[in-house]
Amino acid sequence: MAETIAVRGGRVIDPASGHDAVADVLLQDGRIAALGPDAGQGASNVIDASGLVVSPGFVDIHCHLREPGFEHKETIESGTLAAARGGFTTVCAMPNTEPAIDSAATVRYVLQAAAAAGNARVLPIGAVSKARKGEQLAELAELAEAGAIAFSDDGDPVWDAHLMRRALEYARMLGLPVIDHCEDKSLVAGGVMHEGWVSARLGLRGAPAAGEESMVARDIALAQATGGHVHLAHLSAAGSIELLRAARDRGLPVTAEVTPHHLALTDAAVLGDPQDEAGLAYDSNAKVNPPLRGETDREACVQALADGVIDCVATDHAPHATEDKLCEFDHAAFGISGLETALALCLSLVHDGRITLPQLIERLTVAPVRALGFALHVEGLGMLAIGAPADVTLFDPDAEWVVDPLQFASKGRNTPLAGRTLRGRVVATVYAGRVVHDGR
Ligand code: DOR
């Protein structure tokens with residue numbers, strides 16, 4: 001049961017309304033009941049937020065919860081606990097599960113498992129193609145009817161351009177976006193990291209940026225041809241961003257996200273820690289798809305997020321089991337367990353003066369909601385408006401902590417940040433009026 005909670009005396013930042021001042025937020029019956037200087041006065045259940053930032057619960061439009069099928073990597077229970085730890089109250093679950101989320105029954109399974117766990121709102125993303133094979137369209141209308149909020153074959157591209165065109169036409173009729181994993185596999189040609197001096201030095205096969213850019217170009221053309229909404233997932237290359245910028249200037253229905261790791265890290269992370277006692281030549285925990293790229297690409301991602309060409313941050317939380325990573329680089333799985341380090345990585349941009357704190361919060365809350373068009377599904381998501389869901393994140397933007405993957409709520413300990421000191425910590429998360437993470 002949702003209780004009445006007063007979050008008192010924090011710096012309340014609600015980008016949707018422009019509110020940025022010390023205030024109280026009163027939560028009642030799972031909704032925001034009041035916001036103002038003394039809105040929480042007299043309440044018996046108080047969370048003291050003095051010295052903390054109080055923001056709408058973060059919204060992650062791209063994560064892998066692995067259930068059904070890969071419960072040894074993550075479950076909906078463990079993944080949503082990781083979300084709560086990371087300050088996320090809404091997460092969109094990618095359909096590269098087993099079976100894939102390509103039927104109404106699987107959409108309903110995900111929704112039921114999420115409701116049983118109760119740690120965060122889970123919005124399922126349906127597959128574009130049956131079993132994500134890229135051959136036949138999934139029953140998109142049936143998926144939408146069951147509760148899918150978008151379509152994607154993420155993890156793999158929709159390599160057949162005609163199928164992508166049809167998907168966009170149908171998705172447009174349903175008023176939903178297609179989330180695009182932009183990767184031309186024939187160009188990537190088995191590359192396991194960014195093609196650059198680090199790949200050359202390590203003798204690892206590189207994936208050229210053109211492997212992403214060419215599919216971004218194709219799908220911008222298809223957005224124009226169909227009027228369907230293309231949402232570009234996990235952009236990583238400067239060239240992709242130039243194409244996106246031009247598409248937006250032309251008013252095309254194209255939106256985009258960037259991950260915390262592409263904002264904060266480069267391919268140098270693959271070199272690992274030279275002080276590491278194991279003395280490994282590389283860190284497979286930095287192997288991710290799309291790959292961490294060079295500094296010019298990272299800089300372009302930061303700039304595009306700051307100026308709004310990239311709409312929002314999305315984690316691409318991709319948990320894997322230890323044995324999936326503890327092997328030769330070529331054989332290691334792609335992915336970073338990202339929910340629990342997302343805020344701190346993003347805050348490095350604020351600490352470096354690249355983006356303001358209200359701008360960052362916007363990119364983690366109302367901007368992803370607007371990018372995917374969630375207003376259709378849950379009213380008031382990503383904002384602290386009266387009557388909106390009582391989803392609130394409290395964080396200390398300056399608190400330093402050392403990343404210890406063994407302490408993660410996620411089953412995925414695969415992070416290249418182990419042992420790193422990060423600045424910015426989620427202190428408490430309230431989802432639908434219930435405290436789901438309390439790190440006070
Ligand atoms: O690194 C990645 N991991 N990129 C993807 O597109 C898929 C994801 C996964 O599912 O592990």
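The values are calculated or read from the model by the stated rules, or taken from the named source; none is laboratory data. On a predicted model such as this, the values are computed, not experimentally measured, just so you know. Here Cβ is always computed from backbone atoms with ideal geometry, including for glycine, and neighbour counts include all displayed protein chains. Surface areas here come from the heavy atoms of the whole protein model, side chains and all, with no ligands, DNA or RNA. Shrake-Rupley method; radii C 1.70, N 1.55, O 1.52, S 1.80 Å.
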Cα pair distances of the chain binned at 20 Å [whole percent]: 28, 60, 12, 0
Cα Rg, Dmax, the range 65-144, angstrom units: 12.4, 38
Gaussian network model of the chain, springs between alpha carbon atoms under 10 Å - residue of Asp307, Asp156, Asp29 with greatest fluctuation: Asp307
Positive dipole terminus of the chain, leading residue within Thr259, Val59, Ala23 (C-beta point charges): Ala23
Positive-end residue of Ala385, Ala115, Asn414, charge dipole of the chain with Cβ unit charges: Ala385
Span from the the range 2-80 Cα centroid across to the the range 399-418 one, whole angstrom: 22
Residues with amide H under 5 Å from that of Ile179, placed H, sequence gap 5 or more: Phe151, Ser152, His231
Table column - 3J(HN,Hα) (Hz), the range 10-25, Karplus curve with 6.51, -1.76, 1.60, x for Gly and Pro: x, 7, 8, 10, 10, x, 4, 9, x, 5, 8, 6, 5, 6, 9, 10
Per residue, in Å², the accessible surface of the range 1-126 once ligands and nucleic acids are set aside, probe 1.4 Å: 34
Backbone HN-Hα couplings from phi across the range 184-201 [Karplus 6.51/-1.76/1.60, Hz, Gly and Pro as x]: 8, 5, 6, 8, 5, 6, x, x, 10, 8, 4, 7, x, 5, 5, 5, 5, 5
Residue-by-residue Karplus 3J(HN,Hα) for the range 290-306, coefficients 6.51, -1.76, 1.60, Hz, glycine and proline x: x, x, 5, 10, x, 5, 4, 5, 4, 4, 5, 5, 4, 4, 5, 5, 5
Listed peptides 124-132, 354-362 by packing density, highest first (mean Cβ within 10 Å): 124-132, 354-362
Mean separation of Cα contacts under 8 Å, 6 or more apart, over the residue count of the range 165-242: relative contact order %: 39
Relative contact order for the range 193-295, counting Cα pairs under 8 Å that sit 6 or more residues apart, in percent: 30
Lys, Arg +1 and Asp, Glu -1 on Cβ, resulting dipole of the range 1-79 about Cα centre, debye, nearest 20: 120
Interchain or long-range residues, amide H under 5 Å from Ile32's placed H: Gly387, Ala388, Ala390
Sulfur and carbon atoms: percent of accessible area, the chain [1.4 Å]: 50
Size of charge dipole - the chain - debye, nearest 20, with Cβ of Lys, Arg +1 and Asp, Glu -1, no other charges: 400
Per DSSP, loop GluC sites (Glu not before Pro) in the range 124-196 with at most 15 further Cβ within 10 Å: Glu135
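Apply the a/c threshold of 1.5 to the C-alpha gyration tensor of the range 1-43 and tell me whether it is rounded, prolate or oblate.
oblate
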Long-range HN-HN contacts of Ala207 with modeled amide H, under 5 Å: Val192, Met193, His194, Glu195
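Volume per residue, Å³, of the convex hull around the alpha-carbon atoms of the range 132-173? Can you show the working numbers first?
Details: hull volume 2.8 nm³, N = 42.
Given the Cα convex hull of the range 132-173, per-residue volume reads 67 Å³.
Report the antiparallel proportion of the DSSP beta bridges in the chain as a percent, rounded to a multiple of 5. Please report the intermediate quantities before stating the final value.
Working: 31 of 59 bridges.
Close to 55 percent.
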Average Cα contact separation per residue, the range 112-172, under 8 Å, 6 or more apart, as relative contact order %: 32
Filtered GluC sites (Glu not before Pro), the range 47-109: DSSP coil and at most 16 other beta carbons within 10 Å: Glu71
Å² per residue, accessible surface of the range 146-190 at 1.4 Å: 39
Dipole of the chain, positive end: most advanced residue of Ala209, His194, His231 [Cβ charges, Cα centre]: His231
Relative frequency of Cα-Cα separations exceeding 24 Å in the range 1-145, percent: 45
Total charge dipole magnitude, the range 222-322, about the Cα centre, Cβ charges on Lys, Arg, Asp, Glu only, Debye to nearest 20: 480
